[in-house]
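The values are calculated or read from the model by the stated rules, or taken from the named source; none is laboratory data. Bear in mind that the values here come from a model prediction, so they are computed numbers and not experimental data. FYI the Cβ positions are ideal-geometry reconstructions off the backbone, even for glycines, and counts take in every protein chain you see. Protein only, heavy atoms only, side chains kept; ligands, DNA and RNA dropped before computing areas. Shrake-Rupley method; radii C 1.70, N 1.55, O 1.52, S 1.80 Å.
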Amino acid sequence: QSSKKLLSDLPNSIREWVDAFIIYPEKEMQEIKLRYRGDNTANWLLSKKNYRIKMKKNQLVGGYRTYDYIPLSAKAFFPYLVYKEMKLLVQEFNLVEVYENGVSKGLYYERPKLDELFLKNNKLMPVSIYKGENHGDDWRFGLNKDLFNNPNLWTKLNSSGLENKNNLANFLKTLISHQTKPDPSLYDYIDLNYFSKSAAAQAILHNVHNNWFHNMRLILDPWNGRVTQIITDPKMHFINRDGNSHFEFGSNELDN
């Protein structure tokens, strides 16, 4: 019945949480909330759907409350291995087999949601996570799509009230001005060694899925002003649309 409800009024119904149960190996069944994930129709109209589950606050699993389950594909999963090997900040991920109502749906990868629990489990508090998204359901009609031109296009994902968007606005202003005239103050915001590794990973993987209007996540530390990008929803592309392989490119202002 819950599965039917999720598809009862597309695309609105995919955002509704329904009651469900989950069983992990060697654990007892527990009540959860479940919905489909993502505004792309490929996430919930195919037989293998993208799921998001939410536990009760007193029944965390692995230190997290909310998990995404995404059908396994090499171009989406392999980048996590690369980022982890390069010691870049990335969500934890596990390969799992998912069953729905007793029927195997095949291999998925499991990852926790980027939220305050992610910060706590990675000992990053107190900082803020900003989501940059001007695409799909999050598109702001009539505004320039470029996230780096407007701090108001970014949304804070955790409840920390330690700073407003002034630090983010100042960073974006410095970053944009640096494109036309080198600004040494930019390096007060970034760890050059970390960003160099991050840009190298992006280039090696041809990850153009985190770009100037889509899938951007930034951690901002209000105490030292440092900014760190977290890669989310990576996609590996070795051949560009022109049929050639290019390793020197940037999909957003941070990579250029």
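In this structure, the pairs whose alpha-carbon distance is over 31 Å, taken from Lys54/Lys123; Lys27/Lys165; Lys173/Lys235; Lys4/Lys165; Lys54/Lys87; Lys105/Lys165, are Lys27/Lys165; Lys4/Lys165; Lys105/Lys165. According to the calculation over all Cα-Cα pairs in the stretch 12-138, the P(r) per 5 Å bin from zero is 2, 9, 16, 23, 22, 16, 9, 2, 0 %. The residues packed around Lys48, meaning those with a beta-carbon under 11 Å from its beta-carbon, carry a net charge of +1 if Lys and Arg are +1 and Asp and Glu are -1. About its Cα centre, the chain has a charge dipole of approximately 440 debye under the convention of +1 per Lys or Arg Cβ and -1 per Asp or Glu Cβ, with nothing else charged. Accessible area ranking (1.4 Å probe, heavy atoms, ligands and nucleic acids excluded), largest first, for Leu45, Leu117: Leu45, Leu117. Just flag the chymotrypsin sites (Phe, Trp or Tyr not before Pro) in the stretch 74-154 sitting in loop per DSSP whose Cβ has no more than 16 other Cβ atoms within 10 Å. Passing sites in the stretch 74-154 are Trp139, Phe141.
Considering only alpha-carbon pairs that sit under 8 angstrom and 6 or more positions apart, the relative contact order computed for the stretch 106-242 is 27 percent. With all protein chains in place and ligands, DNA and RNA left out, the 1.4 Å accessible area ranks Glu253, Glu16 as Glu16, Glu253, largest first.
Full extension of the chain between Ala203 and Leu81 gives 42.4 nm of extra length, using 0.36 nm per residue less the Cα-Cα distance. Compared with the dominant principal axis of the Cα atoms in the chain, helix 166-180 is inclined by about 60°.
Solvent-accessible area per residue in the chain equals 55 Å², computed with a 1.4 angstrom probe and all protein chains kept.
Straight-line cross-link reach from Lys5 at under 20 Å between alpha-carbon atoms covers these aspartates and glutamates, not counting any fewer than eight positions away in the same chain: Glu16, Asp19, Glu31, Asp39, Asp68, Glu100. Using a probe of 1.4 Å, the accessible surface attributed to Glu85 totals some 150 Å² when neighbouring protein chains are kept in position. Electrostatic bookkeeping for Glu253 treats Lys and Arg as +1 and Asp and Glu as -1; over the other residues with beta carbon under 12 Å from its beta carbon, the sum is -1.
Put simply, the Cα atoms of the chain extend 59, 47, 40 Å along their principal axes, the longest span coming first. At 222 nm, what value in deg cm²/dmol follows for the chain if DSSP H runs of at least 4 each add -39500 (n - 2.57) and the sum is divided by all its residues, to the nearest 500? After summing the helix terms and dividing by the residues of the chain, the value is -6000 deg cm²/dmol. Only protein heavy atoms count here; on that basis, with a 1.4 Å probe, Thr155 has an accessible area of about 60 Å². Among the trypsin sites (Lys or Arg not before Pro) within the stretch 51-131, those in coil by DSSP and having at most 13 neighbouring Cβ atoms inside 10 Å are Lys56, Lys57, Lys87, Lys123.
Placing Trp223, Trp17, Trp44 in order of accessible area, with the largest value first and a 1.4 Å probe, yields Trp223, Trp17, Trp44.
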